[in-house]
Amino acid sequence: MSDQSILFPNLHITLEHVGKNISIGGFSIAYYGIIIACGMILAMYLMLHEAKRVGIKQEDMLDIFIYAVIVGVVGARLYYVMFSWDLYKDNLVSIFFLRQGGLAIYGGVIGGLIAIFITCRIKKINFWKVTDLAAMGVLVGQICGRWGNFFNREVFGGYSDGLLAMGLPLDAIRSMEDVTEEMLQNLLVVDGVEFITVHPTFLYESLWNLGVLLFLLWYRKHQKFYGELFSFYLLLYGIGRFWIEGVRTDQLKIPGTMIPVSQVVAIIMIIGAFCYMVFMRKTHKQDLPTS
């Protein structure tokens, strides 16, 4: 047993030597980055395939995808920095050190939507039609990306002794600020290595997002208006994220409060998406997809 092991003790699963990176030609490449890249490729493939189905030129969809990813990364970083300002205020250059982590999905979605809106206006493409495709692409990226958190031993929940409880070596945790007193009081010692046992929130969210994606893939043949798939994404992801965020120990808080900002955003997403779907169903039946 080593500090690179990851356990699922109640499932009797032991994963030995789970590294955080690989070395190629003396250059270290993080598994997180590899997983994110794979997620982006899969998301792009799905969006290009769906673009053809709804009558959007694939070259236009590719342009939209590239711009959305670039602006989305910027938005994800700015969002994280804004709510973690104490970590960067004394060393502003560190804001650009993306290899140290610190991206927030909500910021990425906001940035991506801005890029999509502007590009759609320029190309004269239905914005809401594109958001339906983007919702599925984002879900693919989120499903894959959460496994990067697994390799980094981050984004985990509080102490758990449940069926899916995950054991992480205490010495391998990226930030001890995420380790609670309850975890320390319930350390699991295996072969002399101390493990904290926690909720695998990366797994919860990855599986939840997979369920949402499968629902959207099924429902897309029954949608009532453009933008409905995107609305369902906001609604269903918001529900899952609200619960999962309450379990996590690395929450971003609204400055000056103990309120998790992600839970507030999730509530706004749920209410906004629900209201929009009700409004569209009552007043815009003429927006039914024709392709």
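The values are calculated or read from the model by the stated rules, or taken from the named source; none is laboratory data. Predicted model, so just to flag it, every value in this text is computed and none were measured. FYI the Cβ positions are ideal-geometry reconstructions off the backbone, even for glycines, and counts take in every protein chain you see.
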Residues of the range 1-37 that turn out to be part of a helix (DSSP H, G or I) and either of a type in the set (A, V, I, L, M) or touching a helix residue (DSSP H, G or I) at 6+ places or on another chain (Cβ under 6 Å) (or both), as a count
7
Scanning the range 247-268 for residues that are more than 13 Å from T201 (Cβ to Cβ) and in contact (Cβ under 8 Å) with a residue 40 or more places away in the chain gives L252, K253, I254, P255, V261, V265
Restricting to the range 1-33, give me the number of residues that are in contact (Cβ under 8 Å) with a residue 40 or more places away in the chain and within 30 Å of G108 (Cα to Cα).
8
Go through (1) closer than 24 Å to A266 by Cβ; (2) crowded, with 21+ Cβ neighbours inside 10 Å; (3) touching a strand residue (DSSP E or B) at 6+ places or on another chain (Cβ under 9 Å); (4) not hydroxyl-bearing (S, T, Y) one by one and return the number of the condition G108 breaks.
(3)
Taking strands (runs of 3 or more DSSP E) that fall entirely within the range 164-228, which contain at least 2 residues that are touching a helix residue (DSSP H, G or I) at 6+ places or on another chain (Cβ under 8 Å) and more than 17 Å from I244 (Cβ to Cβ)?
193-198
Candidates G246, G227, filtered to the one that is on the phi > 0 side of the Ramachandran plot and at pLDDT below 95:
G227
Selected residue (only one of S23, S28, S5 is over 22 Å from the mean Cα position of the chain (by Cα) and closer than 23 Å to L170 by Cβ)
S5
Give me the residue from the range 228-246 that is in contact with a Ser or Thr (Cβ under 6 Å, 6 or more places away or on another chain) and in contact (Cβ under 8 Å) with a residue 24 or more places away in the chain and, out of that set, surrounded by the most Cβ atoms within 10 Å (Cβ to Cβ).
F230
Which one of the conditions (1) within 30 Å of A51 (Cα to Cα); (2) in contact with an Asp or Glu (Cβ under 9 Å, 6 or more places away or on another chain) does S206 fail to meet, given that it meets all the rest?
(2)
Checking F117 against (1) at pLDDT below 95; (2) hydrophobic (A, V, I, L, M, F, W, C); (3) part of a helix (DSSP H, G or I), which test does it fail?
(1)
Residue identified as of a type in the set (V, I, T), at pLDDT below 90 and more than 24 Å from V264 (Cα to Cα) among V93, V155
V93
From the options I267, I239, I271, I244, residue that is in contact with a strand residue (DSSP E or B) (Cβ under 9 Å, 6 or more places away or on another chain) and in a helix (DSSP H, G or I)
I244
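Just checking, which of V130, V190 is touching a residue at least 12 places away in the same chain (Cβ under 8 Å), of a type in the set (V, I, T), under 27 Å from I56 (Cα atoms) and in contact with a Ser or Thr (Cβ under 9 Å, 6 or more places away or on another chain)?
Exactly one of V130, V190 is touching a residue at least 12 places away in the same chain (Cβ under 8 Å), of a type in the set (V, I, T), under 27 Å from I56 (Cα atoms) and in contact with a Ser or Thr (Cβ under 9 Å, 6 or more places away or on another chain), namely V130.
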All-but-one check, I125 against (1) assigned to a helix (DSSP H, G or I); (2) β-branched (V, I, T); (3) modelled with pLDDT of 85 or more, failing number (1)
I want to confirm something. Restricting to the range 162-178 and keeping residues that are in contact with a strand residue (DSSP E or B) (Cβ under 6 Å, 6 or more places away or on another chain) and of a type outside the set (G, A, S), which single residue is surrounded by the most Cβ atoms within 10 Å (Cβ to Cβ)?
M166
If a residue has to be closer than 18 Å to R153 by Cα and not in a helix (DSSP H, G or I) to count, how many in the range 247-261 make the cut?
5
